[in-house]
1. Calculate the spin-label point distance for Ile64 paired with Glu76, positioning each point 7 Å from the Cα along the beta-carbon direction, and give it in nanometres.
2. Ala49 to Ser177: FRET efficiency via 1/(1 + (r/R0)^6), r the Cβ-Cβ distance, R0 45 Å, to the nearest 0.05?
3. Could you give the nm distance between label points at Arg129 and Asp266, where each point is 7 Å from its Cα heading toward the beta carbon?
4. Under 27 Å from the Cα of Lys86, which lysines turn up, not counting those fewer than eight places away in the same chain?
5. Once you have the Cα-Cα distance between Ser289 and Ala92, take 0.36 nm times their residue separation minus that, and quote the gain in nm to one decimal.
6. Residue-wise, which Karplus ³J(HN,Hα) couplings in Hz belong to region 230-242, taking 6.51 cos²θ - 1.76 cosθ + 1.60, θ = phi - 60°, and x for glycine or proline?
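Please treat every number below as a calculation from the coordinates, not as lab data. As the structure is a computational prediction, the values presented were derived from the model and not from experiment. Cβ atoms come from the backbone with ideal geometry, glycine included; neighbour counts cover every protein chain shown.
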Amino acid sequence: MKRILYIVLAAVTISSFLFSCEAIEDRESLPAVTLTPETIKYSVTQNAAKKNEIVLKNEDPTVIPFWKYVDAQGNELGHSNKSEDKITFPFAGKYTVFYTAFVRGGSVEAAPVAIDVPENDNTFFSDPRWNKLTNGQAGKTWVLYMTAPLEFIGNTPSYVNRAVSGPGWWPNLTDISWAGLENKDWGEITFNLDGGYNVSVTQTNPALGATQKTTKTGTFNFSLTTGETNDRISFNGGTEMLHPNEPSYFSSSFSFTNVKIVELTDTSLCFIAIRADGDYLIYHLVPKS
């Protein structure tokens, strides 16, 4: 009986070994990339009646498309992985669209496509949120509201827009002295639409001391949504959203180059960030007086 049992166990062991090896032996290697920049099937079409609108279309269902578009200075204005998409360049100027086709063996980049937009499309900025943030061409400067700079909401990713539901818990700085946030001038951030998505940030620089500041300029993207608030501002050119950069309120795991806007009114700009301990904080900015 024991002899039969040993034979059965040996057979099962050998079968398991062969089965486990079979997947490795039969693994399919990635094919060579036969696609070339000349054979990529895609199109970038400028609307003849409204030259600010560009239609991007991938015409090969076997590839995964990736689009990137930049302005004349090389600032990335956006990207997309849709097979068909429509983008708008509201400012007059020269732009470039890049297309990359991803296949199983790798990726192939098509020749860049140059776009020339002859005039501005001011209707693109008809949503009032643009004017609340930037004040159009004239520009708008924001600073941290040091009377009540922070709202604590724990580690929940959900947040109800206070502009709709009413004021949240904005504790006065004098009531949260335990927070260790120094009451001082942290700098300012200015947005404007003077021929482009322009942003300038003057920020305290810890490397230079507690009061010295540096200024960076670049561009920004303002992504607007409908329904549940998920508006976002992303920054290009080395700029980032204004914030207090004390260690307790600056987490290297969170990028201040892409922030979620949870409240935007004529007098309030609030964005969400993640503290080093994982809790969410909302920073409160107001127009510079």
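1. With each label point 7 Å from Cα toward Cβ, the separation is 1.6 nm.
2. Efficiency at R0 = 45 Å is approximately 0.15.
3. Label at Arg129, label at Asp266, 1.9 nm between them.
4. Leaving aside lysines fewer than 8 places away in the same chain, those within reach of Lys86 are Lys41, Lys50, Lys51, Lys57, Lys68, Lys94, Lys132, Lys260.
5. Result: 67.7 nm gained on full extension.
6. After applying 6.51 cos²θ - 1.76 cosθ + 1.60, I find 8, 5, 9, 10, 10, 10, 10, x, x, 8, 7, 5, 4 Hz.
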